[in-house]
Amino acid sequence: MRTVSAKYSAGVLDGRVGRVLLAWMAEVTNMNEYFTLITGRTPKQGEGLHKGKDSEAYRRATALVEMSLEDMARLGIEEGQVVRVRTAAGQVEVPVRAGALPPGLLFVPMGPVANMLIGAKTEGTGMPPFKGLAAEVEPR
Amino acid sequence: MSTIVENVVCPFCGCLCDDLAVEVEEGRVARVRRACANGRGLFAHYDPTPQRPTVDGREVDWEEAIAEAARILNEADSPLIYGLSSMATEAQRKAVELADRLGAMIDTTSSVCHGPTGLAMQAVGEPTCTLGEVRNRADLLIFWGCNPAVSHVRHFTRYSVTPKGMLTPKGRRDRTVVVVDVRPTASARAADLFLQVQPGADFEVLTVLRALVQGKTVEVETVGGIPTARLQELAERMKTCRFGVAFMGMGLTQTGGRDLNVSELFTLVAELNQYTRFSVIPMRGHGNVAGADQVLTWQSGYPFGVSFARGYPRYGPGEFTAVDVLARGEADAALILASDPMAHFPGAAARQLECIPTIVLDPMPSLTTRVARVVFPTACYGVDAAGTAYRMDGVPIRFRPVLPLVRPTDEHVLSEIVARVLPG
């Protein structure tokens, strides 16, 4: 899969304008499709939190990406397979889990791994874009 | 020998459930009844054994650590105080006093949570009520962009969905539950009506709902992935309920549009009061994050993102909020209070904490304590320390600690630091 290079994506692709721009770029250049990434709490992330953030339970609970079964089948990705997830802010390599998500959506539990994908631009609010980022997925 | 303490308040989340039974055996929590997994985890995993503070990883006595923390803060030109929301209000007051004295920036975890909700409240007001009113009166509940089944586990059973109240004697059967989210969450499974909105389209859907409530004609067939006909049904349901309550979460505050999404929901709720009674309550995350807003507002006039650098409080979301300040490298020292920005801030902001002298007050080790220069292992409010916290609906509740206090509290350590800092 081809990817949008970082020099095009730095900072510009956060938010809705970025998503539209990325969709357009994908269309005109036949580049990689983009997903919408959201982050949030999960029961296992909460459990791991109490066991300690240096615990294996916390690491396992936060180092993963959830994806819809439809997207996994379409891209030929299997449960547990490691993929590279990339946003304008950074990239991580994590195993895939099938999640209750509509196609086109990715979910990464909140934590140090998700933070590598989140930019620090807050649009004058103090709030980073923890949800709704343009992201791409590349099987390893 | 074990003792059971009844009616214990759980300090974990903004629900502040006050009906826990905690069994104490030999100075440790042995069993926790009625709590959710999060509450149980907090009580069960907290080790109350006194520990010595550390400076650069070396154990020192409390006096030396306090002197080092004061030295760092005194030498800093632009210190940042951040966190506050897992401490009692008594300690939060001390944190604001310290910020004032130092001329520091002070921000709470609100800024990465319901900060945008605070901005919306300032813009359009807050039609609110208490959780007691919800329990006893509400017959329509709307959960928008929040997932209580994971984040506020007992909310459904204690306050909103299933409890039997004065005007809701049949409990769940007397209520209609609507969930709006971008994905079918665990909470959505408990709903009578689940509306799956496209990511980032909440504002459009809320705007159309406002139009439909006002009886306007909407020409489009779907909005944000939801058929307009279904929104029309929801609008009618909202107008004809006896008492509706909307609960909202990070699905609105962390998505593009942020405070504008929340303003639109709050405006919708305010407008619904022309037809019936309707309120909105933000699902506050940390146990006393609502208290952090309260304390900072009553002390400085603003709920978060405040700078005392000029000798008087100035408000600056995006300017004095922690993520922005750190990512731009504008703080030359950080005092982190009962929170873990290394685990929960975007990489660019978190990394900065390794580059500047950082002081942490926290009952538990965290990713931030790992990189901090000075670490104070303080008592845990609600478990071994007393104090007051504000529930998500703004009701103050007094903690009932179950263990004897043997560690210094955040309030104590902050008082000691305040006594040693020079006015900035």
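The values are calculated or read from the model by the stated rules, or taken from the named source; none is laboratory data. Every value quoted in this text rests on a predicted model; they were computed, and no experiment measured them. Neighbour counts are summed over all protein chains in view; Cβ atoms, including those assigned to glycine, are modelled from backbone coordinates with ideal geometry.
Just for region B:233-258: of the residues that are among the small types (Gly, Ala, Ser) and more than 14 Å from chain A (Cβ to nearest Cβ), which one is farthest from B:GLN196 (Cα to Cα)?
Residues of region B:233-258 that are among the small types (Gly, Ala, Ser), as a first pass: B:235, B:244, B:246, B:249, B:251, B:256-257.
Filter once more, keeping what is more than 14 Å from chain A (Cβ to nearest Cβ): B:235, B:244, B:246.
Working: B:ALA235: 16, B:GLY244: 20, B:ALA246: 16 Å.
So, considering only residues that are among the small types (Gly, Ala, Ser) and more than 14 Å from chain A (Cβ to nearest Cβ), the one farthest from B:GLN196 (Cα to Cα) is B:GLY244.
Can you tell me which of (1) in contact with a Lys or Arg (Cβ under 6 Å, 6 or more places away or on another chain); (2) more than 19 Å from B:GLY115 (Cβ to Cβ) is the one B:GLY256 doesn't meet?
(2) is the only condition that B:GLY256 fails.
Just give me the residues in region B:156-172 being buried (at least 20 other Cβ atoms within 10 Å of the Cβ) and in a loop (DSSP other than H, G, I, E, B), in sequence order.
B:VAL161, B:THR168
Select from region B:124-155 the residues that are within 12 Å of chain A (Cβ to nearest Cβ) and in a helix (DSSP H, G or I) and list them in ascending order. Can you show your working first?
Step one: of region B:124-155, the residues within 12 Å of chain A (Cβ to nearest Cβ) are B:145-153.
If the condition is that a residue be within 12 Å of chain A (Cβ to nearest Cβ) and in a helix (DSSP H, G or I), then B:PRO148, B:ALA149, B:VAL150, B:SER151 are the ones that fit.
So the check is Cβ under 7 Å with 6+ separation or different chains; which pairs have a first residue in region B:221-242 that's assigned by TED's automatic domain parsing to the domain that holds B:GLY145 and closer than 30 Å to B:ASN136 by Cβ and a second one that's part of a loop (DSSP other than H, G, I, E, B) and acidic (Asp, Glu)?
B:CYS241/B:ASP139; B:ARG242/B:ASP139
Please work out if B:GLU411 is of a type in the set (Asp, Glu), in contact (Cβ under 8 Å) with a residue 24 or more places away in the chain and not in a helix (DSSP H, G or I).
no
Any idea which of A:LEU106, A:LEU37, A:LEU22 is at pLDDT below 95, crowded, with 22+ Cβ neighbours inside 10 Å and in contact with a Phe, Trp or Tyr (Cβ under 9 Å, 6 or more places away or on another chain)?
A:LEU22
Which one of these is in the same structural domain as B:TRP144 (by TED's automatic domain parsing), assigned to a helix (DSSP H, G or I) and closer than 30 Å to B:SER111 by Cα: B:VAL205, B:VAL245?
Details: B:VAL245 fails: assigned to a helix (DSSP H, G or I).
On inspection, the qualifying residue turns out to be B:VAL205.
Do we have any residue at all in region A:120-135 that's more than 10 Å from every other protein chain (Cβ to nearest Cβ) and either part of a helix (DSSP H, G or I) or more than 23 Å from B:GLN352 (Cβ to Cβ) (or both)?
First pass over region A:120-135, keeping only residues more than 10 Å from every other protein chain (Cβ to nearest Cβ): A:134-135.
Among the residues that remain, those that are also either part of a helix (DSSP H, G or I) or more than 23 Å from B:GLN352 (Cβ to Cβ) (or both) are: A:134-135.
Yes: one or more hits.
Residue by residue through region B:218-251, note down the ones that are among the acidic types (Asp, Glu) and within 19 Å of B:ALA270 (Cβ to Cβ). Walk me through how you get there before you give the answer.
Pass one, region B:218-251, residues among the acidic types (Asp, Glu): B:219, B:221, B:233, B:236.
Of everything in region B:218-251, just one residue is among the acidic types (Asp, Glu) and within 19 Å of B:ALA270 (Cβ to Cβ), namely B:GLU236.
Kindly indicate which of B:VAL418, B:VAL383, B:VAL375 is assigned to a helix (DSSP H, G or I) and touching a helix residue (DSSP H, G or I) at 6+ places or on another chain (Cβ under 9 Å).
Values: B:VAL383 fails: assigned to a helix (DSSP H, G or I); B:VAL375 fails: assigned to a helix (DSSP H, G or I).
None of the other options fit; the residue is B:VAL418.
When you scan region B:208-230, do you find a residue that is at pLDDT 95 or above, under 27 Å from A:THR39 (Cβ atoms), within 27 Å of the chain's Cα centre (by Cα) and assigned to a strand (DSSP E or B), even just one?
no
Tell me, yes or no, whether region B:348-358 has at least one residue that is surrounded by 24 or more Cβ atoms within 10 Å (Cβ to Cβ), at the interface with chain A (Cβ under 9 Å from one of its Cβ atoms) and touching a residue at least 12 places away in the same chain (Cβ under 8 Å).
Yes - at least one qualifying residue is present in region B:348-358.
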